[in-house]
Amino acid sequence: TGTHESLLDASQFIATIEKRQGLKVACPEEIAFRKGWVDAAQLEKLAQPMSKNLYGKYLLGLINEKIF
């Protein structure tokens, strides 16, 4: 993204993908959880400080979700 406009385009693209698929793009906590680097208890501990925003709720939702 070399210009302000291209940066805005990239951010809108990511927002659209996340909204349509219901998944976060490049979510470090989710990657660590799915790779087995952190367990459910550790993920919950990471997510608790953010539990009132959509990102924290997303992370907490991963705990009860089947890993694909």
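Quick look at the values:
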item	result
Identity of the residue in the stretch 20-43, part of a helix (DSSP H, G or I) and small (Gly, Ala, Ser), that ends up farthest from residue 10 (Cα to Cα)	41
Flag for residue 46 being in contact with an Asp or Glu (Cβ under 6 Å, 6 or more places away or on another chain), open to solvent by 50 Å² or more (accessible area, probe 1.4 Å) and part of a helix (DSSP H, G or I)	yes
Selection status of residue 10, surrounded by 12 or more Cβ atoms within 10 Å (Cβ to Cβ) and either assigned to a helix (DSSP H, G or I) or in contact with a helix residue (DSSP H, G or I) (Cβ under 6 Å, 6 or more places away or on another chain) (or both)	no
Pairs, first of a type in the set (Gly, Ala, Ser) in the stretch 1-29, second in a loop (DSSP other than H, G, I, E, B), C-beta under 6 Å, six or more apart	10/1
Filtered residue count, the stretch 49-68, keeping only those that are of a type in the set (A, V, I, L, M), surrounded by fewer than 13 Cβ atoms within 10 Å (Cβ to Cβ) and assigned to a helix (DSSP H, G or I)	1
Boolean, residue 22 is touching a Pro at 6+ places or on another chain (Cβ under 8 Å) and either at pLDDT 95 or above or open to solvent by less than 60 Å² (accessible area, probe 1.4 Å) (or both)	no
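The values are calculated or read from the model by the stated rules, or taken from the named source; none is laboratory data. All of these numbers come straight from a predicted model, not from anything done at the bench. Cβ coordinates were reconstructed from backbone atoms using ideal geometry, including for glycine residues, and neighbour counts include every protein chain displayed. For accessibility, only protein heavy atoms count, side chains too; no ligands or nucleic acids. Shrake-Rupley method; radii C 1.70, N 1.55, O 1.52, S 1.80 Å.
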